[in-house]
């Protein structure tokens with residue numbers, strides 16, 4: 001079994017190819033042409049950490065993937081990154097481990113950002129007034145980077161918990177050619193931007209319905225485990241199109257889980273990204289609609305991005 | 001992250017230390033002092049293969065473990081072993097991957113054999129007339145090897161599907177100092193041996209109640225996934241002591257699952273190995289009892305054996 005380290009993995013990723021593969025993965029997932037066992041999750045409260053194991057096989061593939069990702073949020077105090085992880089790729093015809101992608105969680109970040117890009121392509125309003133980002137971390141950066149491929153807008157508003165983090169984010173976004181305004185309240189983002197991304201580990205709603213511009217789109221990627229929440233349930237309930245990556249996962253712990261539990265939305269209101277991509281249902285229908293993409297991260301994304309990278313690495 | 005290959009892993013395993021660690025793991029499991037998410041399982045019918053992912057954290061440990069094991073049963077036709085796998089050990093305080101044990105499934109075989117040894121120590125009859133082995137593969141060999149540490153008996157009966165496999169097994173067992181009789185029917189094993197191990201991938205009962213000697217003990221390790229079965233449900237129902245490694249797993253797909261579904265036994269009749277080891281319940285109570293150990297393989301065994309090996313490797 002070959003072990004590949006992060007620099008080689010980064011060099012091997014063809015972003016456009018990975019996006020296409022992830023789209024096909026979402027379609028296969030929604031069509032039931034995959035095996036995606038329930039996520040395994042660990043909690044390490046004494047170390048402020050968690051770990052999840054996501055595994056997937058897309059029927060017909062030569063390989064399947066087991067992904068381990070960790071988040072230990074006190075690590076930065078020891079000079080270590082919060083997130084780590086790796087992906088194992090195994091042969092679907094012999095079971096042999098083929099490769100270990102020691103990507104330190106980077107492929108997970110990328111496939112999440114690519115899902116955000118796919119969602120925005122399907123759901124963003126025609127005229128983007130400004131891009132609004134909640135969060136200043138790695139994921140908030142990658143999401144912006146990917147959004148720039150689907151909109152000509154270069155006006156960015158960003159909110160994050162610390163002034164220093166907002167300033168760092170501004171420097172990052174300016175380097176991408178954006179005009180950036182840092183704000184001290186999530187409300188100020190929502191009032192000026194109509195293409196919004198929430199990429200925080202928040203455990204309480206950051207955005208309220210009444211702050212939003214008409215016809216906004218929101219992609220929320222933070223609620224990837226039980227107890228996390230970025231959007232008020234009333235906001236979720238008022239969305240005219242609610243697109244989820246996985247009905248099963250989002251109903252368990254995504255943004256929509258809170259609105260479902262509160263009885264404010266019905267399961268029948270949820271459509272999967274793979275269903276929209278396959279043309280079985282609509283994305284945004286008109287400019288006035290509030291649309292929401294709730295992304296918890298599905299293991300088929302991992303399997304697909306790992307396969308793309310490995311194809312290049314093995315050439 | 002360090003990658004260790006099989007020869008180094010084999011050299012690093014202290015069998016006695018691993019057995020003690022696995023015993024402590026079973027006790028912790030039964031006491032609820034562990035995190036063991038549900039097993040992830042894949043099926044690859046087109047390749048006659050399957051894969052399972054078992055993960056565990058024993059509270060208080062410095063590490064946790066993710067184990068991937070595969071069984072692709074047509075591999076030998078291509079000159080490859082049927083089983084493969086590996087164990088990943090991660091830090092429970094930072095989440096960082098610490099080591100990959102590329103053990104090709106060997107540690108899984110060993111921890112299963114050690115569970116058989118533990119069960120036999122607790123449950124074997126005082127006077128072992130003969131050791132009876134159903135199966136001739138790697139697991140059937142390791143089980144015998146480990147049993148020799150808990151009984152003075154060196155009489156062995158073995159049954160397997162092919163004559164050649166039985167002859168190979170005889171050579172193996174004779175080299176361990178045993179007197180070996182190969183037989184062509186499982187019945188002939190049960191009629192002469194009272195310490196029985198079933199280690200086959202059978203999908204239909206191999207042993208019937210009426211063939212057994214009084215006071216026999218049976219350890220069954222084959223039913224590690226849905227659809228597998230080595231014992232008649234009436235045999236399971238007639239056991240006076242039924243010890244399982246995991247109530248949850250065994251009730252889902254172990255030997256006892258079939259008897260539970262048939263309504264022949266009640267969940268209250270099951271005791272866990274960790275409960276017996278902790279002294280909360282009894283093992284064998286007298287020589288006349290038919291005892292059964294149903295072992296589906298619990299991820300704490302993987303976590304404990306991996307930890308033992310890694311401690312030596314990192315010295």
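Values quoted throughout were computed directly from the atomic coordinates according to the rules given, and no laboratory measurement underlies them. Worth saying up front: this structure is predicted, and the values here are computed from it rather than measured. Heads up, the Cβs are rebuilt from the backbone with ideal geometry, glycines too, and the neighbour counts pull from every protein chain shown.
Mind listing the label-point distances from residue A:16 to the same position on all other copies, shortest first, one decimal in nm, points 7 Å along Cα→Cβ?
Shortest to longest, the spacings are 6.5 nm.
Please compute the average number of Cβ atoms from other chains found within 10 Å of each residue's Cβ in peptide B:192-205.
Mean shielding by partner chains, rounded to a whole number: 0.
Pop the C-beta distance of residue A:238 and residue B:234 into the FRET formula with R0 = 51 Å and round what comes out to the nearest 0.05.
0.25
Where in the stretch A:58-91 does the amide nitrogen come within less than 17 Å of the point 7 Å from the Cα of residue B:80, taken along Cα to Cβ?
Within reach of a label on residue B:80, which here means backbone N under 17 Å from a point 7 Å along Cα→Cβ, the stretch A:58-91 contributes A:58, A:60-66, A:88-91.
Return, for the Cα atoms of the stretch A:125-297, the radius of gyration and Dmax in Å, separated by a comma.
Every Cα atom of the stretch A:125-297 included, Rg and Dmax give 15.1, 45 Å.
Which percent, to the nearest 5, of DSSP beta bridges fully inside the protein assembly as shown are antiparallel?
45
Name the most mobile residue of A:55, A:268, A:82, meaning the one with the largest mean-square fluctuation, in a Gaussian network model of chain A with Cα contacts below 10 Å.
A:268
Measuring label to label, 7 Å along Cα→Cβ, what does residue B:164 give against each other copy in nm, shortest first?
Distances to the matching label points in the other copies: 6.9 nm.
Please order A:224, A:245 by the number of other Cβ within 10 Å, starting at the fewest.
So the residues, fewest neighbours to most, are A:224, A:245.
For every helix of n ≥ 4 consecutive DSSP H residues, a contribution of -39,500 (n - 2.57) applies; sum these over chain B, divide by its total residues, and give [θ] at 222 nm rounded to the nearest 500 deg cm²/dmol.
Using -39500 (n - 2.57) per qualifying helix, the result is -10000 deg cm²/dmol.
Helix B:299-313 versus the longest principal axis of chain B: what angle, 0 to 90°, nearest 10, using Cα atoms?
Compared with the principal axis, the helix lies near 60 degrees.
Picking from A:129, A:255, A:23, which is most flexible by a Gaussian network model of chain A using Cα springs under 10 Å?
A:129
Listed highest first by mean packing, meaning other Cβ atoms within 10 Å per residue, what order do B:291-300, B:41-50 come in?
B:291-300, B:41-50
Placing the label point 7 Å from Cα along the Cα-to-Cβ direction, what are the distances from residue A:47 to the equivalent spots in the other copies, shortest first, in nm to one decimal?
Between copies, matching label points for residue A:47 lie 3.2 nm apart.
Please compute, for peptide A:65-78, the average count of beta-carbon atoms on other protein chains lying within 10 Å of each residue's beta-carbon.
The mean count of partner-chain Cβ atoms within 10 Å per residue comes to 3.
Can you tell me what the convex hull of the Cα atoms of the protein assembly as shown projects to on average, as an area in nm²?
Hull-based average projected area comes out at 28.8 nm².
Using only Cα atoms, find the angle between the long axis of helix A:163-175 and the longest principal axis of chain A, and express it within 0 to 90 degrees, rounded to the nearest 10.
Taking Cα atoms only, the helix is inclined about 80 degrees.
What does DSSP give for chain B in terms of the percent of beta bridges that are antiparallel, rounded to the nearest 5?
Restricted to chain B, the bridges split so that about 45 percent are antiparallel.
Using alpha-carbon positions, what is the distance between the centroids of the stretch A:62-120 and the stretch A:231-257, in Å?
Spelled out, the Cα-based centre of one part sits 24 Å from the other.
Taking only Cα atoms, what is the 0 to 90° angle, nearest 10, from helix B:15-30's long axis to the longest principal axis of chain B?
Relative to chain B, helix B:15-30 is tipped by roughly 90 degrees.
Looking only at other chains, what is the average number of their beta-carbon atoms within 10 angstrom of each beta-carbon in A:83-91?
Mean shielding by partner chains, rounded to a whole number: 4.
Determine the equivalent ellipsoid of chain B by diagonalising the alpha-carbon gyration tensor, then write out the semi-axes as square roots of 5 times the eigenvalues, largest first, rounded to whole Å.
Over the Cα atoms of chain B, the semi-axes work out to 29, 22, 19 Å.
Starting with the fewest neighbours, write out A:87, B:1, B:19 ranked by other beta-carbon atoms found within 10 Å of each beta-carbon.
Lowest to highest Cβ neighbour count: B:1, B:19, A:87.
Quick check on packing: order A:67-78, A:229-240 by the mean number of other C-beta atoms within 10 Å, highest mean leading.
Taking the mean over residues of other Cβ atoms within 10 Å, the ranking is A:229-240, A:67-78.
Which ordering of B:275, A:285 is given by a fewest-first count of other beta-carbon atoms within 10 Å?
A:285, B:275
Once R0 is set to 45 Å, what does the formula 1/(1 + (r/R0)^6) return for the Cβ-Cβ distance between residue B:151 and residue B:48, expressed as a FRET efficiency to the nearest 0.05?
The calculated FRET efficiency here is 0.80.
Just to verify a number: FRET efficiency for residue B:264 and residue A:14, C-beta to C-beta distance, R0 = 60 Å, to 0.05?
0.55
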